[in-house]
1. Please verify whether residue 82 is farther than 23 Å from residue 146 by Cβ, modelled with pLDDT of 65 or more and within 21 Å of the chain's Cα centre (by Cα), treating the condition exactly as stated.
2. If the requirement is being over 18 Å from residue 195 (Cα atoms), of a type outside the set (A, V, I, L, M, F, W, C) and in contact (Cβ under 8 Å) with a residue 60 or more places away in the chain, which of these qualifies: 107, 151?
3. Any idea which of 118, 145, 200 is closer than 26 Å to residue 51 by Cα, at pLDDT 95 or above and not charged (D, E, K, R)?
4. Those residues that are in a strand (DSSP E or B) and farther than 29 Å from residue 101 by Cβ, I need them from segment 221-266; list them, please.
5. As an exercise: evaluate residue 137 against (1) touching a His at 6+ places or on another chain (Cβ under 9 Å); (2) in a loop (DSSP other than H, G, I, E, B); (3) closer than 25 Å to residue 43 by Cα and give the number of the one condition it does not meet.
6. For segment 140-164: of the residues being of a type outside the set (Ser, Thr, Tyr) and part of a helix (DSSP H, G or I), which is surrounded by the fewest Cβ atoms within 10 Å (Cβ to Cβ)?
7. Scan segment 65-87 and give yes if some residue there is touching a His at 6+ places or on another chain (Cβ under 6 Å) and not β-branched (Val, Ile, Thr), otherwise no.
Amino acid sequence: MRWTFSMLIAMLLIGMAIVPSVSAEEMETNQTQNIDGLQPSVESHIYYVKDDGQFSRQHTKEEYYAENQEYFKFLSEEMGEDIAYKILDREYEESKIIPPGIREGMNALNTDESGYQIVQVRDDPVFMWPYNNHHPTPNGIVGCINVIFYNKDRSEFAYDLKKTAGWEGTTGSPEWSGRGESLSNFEWTQASPLDRNAHIQDGDFYRDRYHLILFDGYPSQDLDWCYGNCHYEKWDGDQITHVAYPNCLNDGRDHLVDAVENKLDWSSSGTVDLSNSWSGMFNGRAALIELR
């Protein structure tokens, strides 16, 4: 099948399906660390899926701009058109790169670069690509998944977090991750830049903040769930971007667990090895929170 520009953009805007030519092998992982108050470990299965190229192809800058027209308009109104172009250009370039600190962890899994990693939580119908990127491709990574919530979908959890913990909706970069209910039933999902249930903060956009990028879990009759990346960062006016603090993903995860401690079921919540560590930022242990 030959992809046209219009066909590809349409697929991106509705959420592109990831249907790998599955050649998946499960890899053994260690489970050692824990977060205070949570169970030491929850079982996970790490798979490495060979890709035929349809899922991992790099997209063009024109496609990136077409996908993010409303975001560009918002940035232009807030900061001016020249700065909006600089921000989108930078984010597009970031979407093509895997940071060295993440590459180190990937190399420890003894994989090559012809596939991608998927994690299953326990034996549940919860599968995810344990990273996020500005564009729906695993060829670049800008963050790591570090929180998973059971028994609430994204809109329900966002509502509770804002109402009971005082967090607020905000804006952020376009973010994508992948999730499904099996290895062969997998889709991209987006945290849209202007969706205030997808970007939630505790703090101040132009100072310090804990920023949660929240994704909807795969629709299921058996389980409502959502997941995301919570990190600690500060605004840098010279670079016109947020800059992550050291240990930002561990700190963000722990801060969010503290924010929802009155809502979680301590007996069944725990930490789960996603094997997505980032040197100096994250230890690869996500919080799995079962909400009451």
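The values are calculated or read from the model by the stated rules, or taken from the named source; none is laboratory data. Quick caveat: nothing in here was measured; it's all calculated off a predicted structure. All Cβ positions, even for glycine, are placed from backbone atoms using ideal geometry, and neighbour counts span all protein chains on display.
1. In short, no.
2. Being over 18 Å from residue 195 (Cα atoms), of a type outside the set (A, V, I, L, M, F, W, C) and in contact (Cβ under 8 Å) with a residue 60 or more places away in the chain holds for just one of 107, 151, which is 151.
3. Every option except 145 fails the conditions.
4. Let us first name the residues in segment 221-266 that are in a strand (DSSP E or B), namely 225-236, 241-244, 264.
Result: 264, single match.
5. (3)
6. By that ranking, first place goes to 163.
7. First, the residues of segment 65-87 that are touching a His at 6+ places or on another chain (Cβ under 6 Å): none.
Within segment 65-87 (the criterion being touching a His at 6+ places or on another chain (Cβ under 6 Å) and not β-branched (Val, Ile, Thr)), the answer is no, since none of the residues qualifies.
Residue-wise test of (1) aliphatic (A, V, I, L, M); (2) touching a helix residue (DSSP H, G or I) at 6+ places or on another chain (Cβ under 9 Å); (3) crowded, with 24+ Cβ neighbours inside 10 Å; (4) within 20 Å of residue 234 (Cα to Cα).
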| residue | (1), (2), (3), (4) |
| --- | --- |
| 177 | no, no, yes, no |
| 182 | no, no, no, no |
| 185 | no, no, no, no |
| 192 | no, yes, no, no |
| 200 | yes, yes, yes, yes |
| 204 | no, no, no, yes |
| 210 | no, yes, no, yes |
